[in-house]
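The values are calculated or read from the model by the stated rules, or taken from the named source; none is laboratory data. What you are looking at is a predicted structure, and each value in this text was computed from that prediction instead of being measured. Glycine gets a Cβ as well: all are built from the backbone with ideal geometry, and neighbour counts include every protein chain shown. The area values use the complete protein model at the heavy-atom level, side chains included, leaving out ligands, DNA and RNA. Shrake-Rupley method; radii C 1.70, N 1.55, O 1.52, S 1.80 Å.
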Amino acid sequence: MGSKMRRKQQVWYVPQPLTPLMEWPDPEMQEEGNKKESSWEVIREWFRATKNSPGASFSSPFDGAIQPKKQDLRLLLGVLGCPLAPIPLVNDPIDRLHIKDIPMETSIANYIIQQYLAATGCLKQQKCAKTMYATGTVKMICCETEVSSGKNVKTLGTRSGENGCFVLWQMLPGKWSLDLVVGGNQVIAGSDGKIVWRHTSWLGTHAAKGPQRPLRRIIQGLDPKTTASLFANAQCLGEKRLGHDDCFVLKVCADRAAVMERNDGSAEVIRHVLYGYFCQKSGLLVYLEDSHLTRVQTPENEIVYWETTIGSSIGDYRDVDGVLIAHQGRSIATVFRFGESSQQHTRTRMEEVWTIDDVVYNVPGLSLDYFIPPADIVDNLHSP
């Protein structure tokens, strides 16, 4: 009876093929009637408006009714709300050390991951938790934009922030659901293990192309097992001092075939790389950095590159049912736009400070129904 009631109340179900999910900046601020415009064309016009507006914050040529502050926040949510890791998770067991017939850099990385699992307490667990629930708070801050045209550099916009909160559910393998609300704007995203999707009121529903990948927010110290699985085939690049910590640096990157699957029209993903910094003293993950480069050809045959870099400091590890979970962190994202031949470039900086309030493992009653993708895009197609 309970299951039937949940299905009746559930407004999400598997839709028809969705439009691609853009993992690069997507400030598409048009009215409903203009949503068929190219997303990359909208972004280009958005940056043109930024460069041509000397005193104001960001403005959109498509929608003068949207306040600049709200538009900045939507850009923030598009970049930092629910980014994905560059590669899928490894299905092989990660609680055993493998050093035979693999490169030295990979065997060293494998050993570091074993130390990380031991430091977080995962190796002591008799049974792996199948489900997880977490709540937290965030503060997102949009900083200034730097516009350079060769010799001249000008800075636009002001530093402004908004508070928010999120709820995250996870079911292994590969299923998760995120509900994030910041400054009155909501982002709902999730995965049913096969398709990753995102829904916002201003962009509608979009699906990610390419292989199914985990949510970056989960690997930021929230789920050590998932983090370890992501770095299972990593390379060790050596050592680096980060603040007061000496760290081992591990690298994973999407292969060429995987990034080609994520291409969308005139947008071509060049690379997506993730670096993990593991403290030599504690064995814990203390910093994550990923870089995502995309090449776009405009209708005027102009080549534009977009590089999004997100660096996350991770800390305040606390014991939750015998596992150390990071409860605080800070992410700094930089969106860098530059041309192939032009000297002009634009650099926008944004931040997120997050805190975990509650974590629960093996959630009673959590079922597959909670991870069904949304159906609102189908409802809109069939509405009169």
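Determine which single condition His272 fails, assuming it passes every other condition in (1) in contact with a Leu (Cβ under 7 Å, 6 or more places away or on another chain); (2) of a type outside the set (Val, Ile, Thr); (3) open to solvent by less than 20 Å² (accessible area, probe 1.4 Å).
Every condition holds for His272 apart from (1).
Considering every residue within the stretch 346-365, establish whether at least one is touching a helix residue (DSSP H, G or I) at 6+ places or on another chain (Cβ under 8 Å), assigned to a strand (DSSP E or B) and free of Cβ contacts under 8 Å to residues at least 60 places away in the same chain.
There is no residue in the stretch 346-365 that is touching a helix residue (DSSP H, G or I) at 6+ places or on another chain (Cβ under 8 Å), assigned to a strand (DSSP E or B) and free of Cβ contacts under 8 Å to residues at least 60 places away in the same chain.
Would you mind finding the one in Val296, Val335, Val286, Val304 that is over 21 Å from the mean Cα position of the chain (by Cα), part of a strand (DSSP E or B) and buried (at least 19 other Cβ atoms within 10 Å of the Cβ)?
Checking each option against the conditions leaves just Val304.
Those residues that are within 23 Å of Cys253 (Cβ to Cβ) and charged (D, E, K, R), I need them from the stretch 266-315; list them, please.
Listed by number, the residues that qualify are Glu268, Arg271, Glu289, Asp290, Arg295, Glu307.
Determine, yes or no, whether Thr155 is open to solvent by 20 Å² or more (accessible area, probe 1.4 Å), over 26 Å from Ala326 (Cα atoms) and part of a strand (DSSP E or B).
For Thr155, the condition - open to solvent by 20 Å² or more (accessible area, probe 1.4 Å), over 26 Å from Ala326 (Cα atoms) and part of a strand (DSSP E or B) - is met.
Write out, first by first residue and then by second, each pair whose Cβ atoms fall under 7 Å of each other, whose residues are 6+ apart or on separate chains, and whose first residue, in the stretch 285-310, is touching a residue at least 12 places away in the same chain (Cβ under 8 Å) and more than 10 Å from Ser266 (Cα to Cα) while the second is assigned to a loop (DSSP other than H, G, I, E, B) and among the small types (Gly, Ala, Ser).
Short answer, once both residue conditions are applied: Leu285/Gly221.
For (1) at pLDDT 95 or above; (2) out of contact with any Gly (no Cβ under 9 Å at 6 or more places or on another chain); (3) under 25 Å from Ala228 (Cα atoms); (4) among the basic types (Lys, Arg), each residue gets a yes or a no:
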| site | (1), (2), (3), (4) |
| --- | --- |
| Asp264 | no, yes, no, no |
| Gly276 | yes, yes, yes, no |
| Cys279 | yes, yes, yes, no |
| Leu284 | yes, no, yes, no |
| His292 | no, yes, yes, no |
| Thr298 | no, yes, no, no |
| Glu302 | no, no, no, no |
| Glu307 | no, yes, no, no |
| Tyr317 | yes, no, yes, no |
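Could you tell me which of the residues Ala228, Ala254, Ala189, Ala258 is over 14 Å from Asp290 (Cα atoms) and at pLDDT below 90?
Of the residues listed, the single one that is over 14 Å from Asp290 (Cα atoms) and at pLDDT below 90 is Ala258.
This table checks each residue for (1) open to solvent by less than 30 Å² (accessible area, probe 1.4 Å); (2) part of a strand (DSSP E or B); (3) in contact with a Cys (Cβ under 7 Å, 6 or more places away or on another chain); (4) under 28 Å from Tyr317 (Cα atoms).
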position	(1), (2), (3), (4)
Tyr111	no, no, no, yes
Tyr116	yes, no, no, yes
Ile141	yes, yes, no, yes
Glu144	no, yes, no, no
Ser148	yes, yes, no, no
Leu168	yes, yes, no, yes
Pro173	no, no, no, yes
Ser177	yes, yes, no, yes
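Determine which single condition Ile195 fails, assuming it passes every other condition in (1) touching a helix residue (DSSP H, G or I) at 6+ places or on another chain (Cβ under 6 Å); (2) farther than 28 Å from Ile102 by Cβ; (3) of a type in the set (A, V, I, L, M); (4) modelled with pLDDT under 90.
(1)
Would a scan of the stretch 250-263 turn up a residue that is more than 18 Å from the chain's Cα centre (by Cα), buried (at least 16 other Cβ atoms within 10 Å of the Cβ) and farther than 19 Å from Arg330 by Cα?
Among the residues of the stretch 250-263, at least one is more than 18 Å from the chain's Cα centre (by Cα), buried (at least 16 other Cβ atoms within 10 Å of the Cβ) and farther than 19 Å from Arg330 by Cα, which makes the answer yes.
Which one of these does Ala189 not meet: (1) among the aliphatic types (A, V, I, L, M); (2) outside any strand (DSSP E or B); (3) in contact (Cβ under 8 Å) with a residue 24 or more places away in the chain?
The number of the failed condition is (2).
Name the single residue that is most open to solvent (accessible area, probe 1.4 Å) among those in the stretch 118-139 being under 18 Å from Pro214 (Cα atoms) and assigned to a loop (DSSP other than H, G, I, E, B).
Looking at residues that are under 18 Å from Pro214 (Cα atoms) and assigned to a loop (DSSP other than H, G, I, E, B), I get Lys130.
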